[in-house]
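Readers should treat all values here as calculations from the given coordinates under stated rules, not as data from a laboratory. Just so you know, these numbers come straight off a predicted model, no measurement behind them. Using ideal geometry, Cβ is built from the backbone for each residue, glycine included, and neighbour counts are taken over all protein chains shown.
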């Protein structure tokens, strides 16, 4: 293998794929990145067997070839190079990659590319296209609500359902539920219901580039995998097997109190209250107070013995009766962070039943938060 690339392209490609490298592995090759010539470009791949990321970068290829190189060594070394040309030459006999940039010369020992797990190959005709901007927004509004608890793998995923020309993403950690719907430009022929790891969805949102307008999604029959294809990158993930909770049954159908509040004002109040509340159990009390004349208000209160107390008052338009209810302030802040509308509605029924947050003027997003005990 004899290849010339720019430092910028190589560093960018490594930053995309290296997130899939397994930090703790008994298989040394899984700590490596695959470098392979591929139809006039250099292909970089990394996998931890659950998640695999590939990207292609422009290259001048003199000799074809492939090798796997320890990811950390390569990433750290390339990041120190100046923005200049990098010459890569493989010694097949010793499986050593020689890197030359400016006046510096480096040799890195690799592992034969034959030992690297094969990445799946799909039929380009398979699957369907998703609008990139919409899909990225959907991921950001849903994936954060998935669980990080490895004891409940199914809750670490995002449920995706595609029916005709509608796609729905949902995630829950047992304390909150985030659901986002979107229309597809072309109806799908086959209905789809899969659970995709939230980590894979977040990585996918991260590798989307400005040049991509759409992403092709393929779920090959019987392989338990999903593949997302972009112009210069591809992400493969194992699907999660199991029964996802019936989240639709948990979303309250009606509300006794509807509080309409400015999204930025509510978010700012939650950020301030969180500074105090995080030293306790993240508990904030919301005292929803309607007024007979003029706007009502929401008093947001956080108290911890160690830190002190925080009281913030925010104006709100309140329909229905007053209520004192407690929530996890981090959960409130995280959902308000991904809402784009100027105002949100907080729908409540009682201090022991779930609260529902909806962006005003947008029907496609709903978020449910379980209340905390009023101590």
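Numbers at a glance
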read-out	value
Between the range 244-304 and the range 98-154, the alpha-carbon center distance in angstrom	37
Value of relative contact order over the range 251-369, rounded to a whole percent, pairs C-alpha under 8 Å and six or more apart	30
Relative contact order %, the chain, counting alpha carbon pairs below 8 Å whose residues are six or more apart	12
Percent of Cα pairs exceeding the 22 Å cut-off, where the set is the range 226-375	46
Cα convex hull of the range 128-247, projected area averaged across orientations, nm²	7.0
Expected-Rg normalisation [2.2 N^0.38 Å, Cα atoms] applied to the chain	1.19
Computed lengthening from residue 102 to residue 265, 0.36 nm per intervening residue step minus Cα-Cα distance	53.4 nm
Alpha-carbon gyration tensor eigenvalues x 5, square-rooted, for the range 224-281, Å	36, 22, 16
Overall Cα dimensions of the range 153-312 - principal axes, largest extent first, Å	57, 36, 35
Förster-model FRET efficiency, 51 Å R0, residue 109 and residue 140, C-beta, rounded to 0.05	0.80
Cα centroid separation, the range 12-60 to the range 311-374 (Å)	42
Pairs of alpha carbons in the range 2-115 whose separation is greater than 17 Å (percent)	49
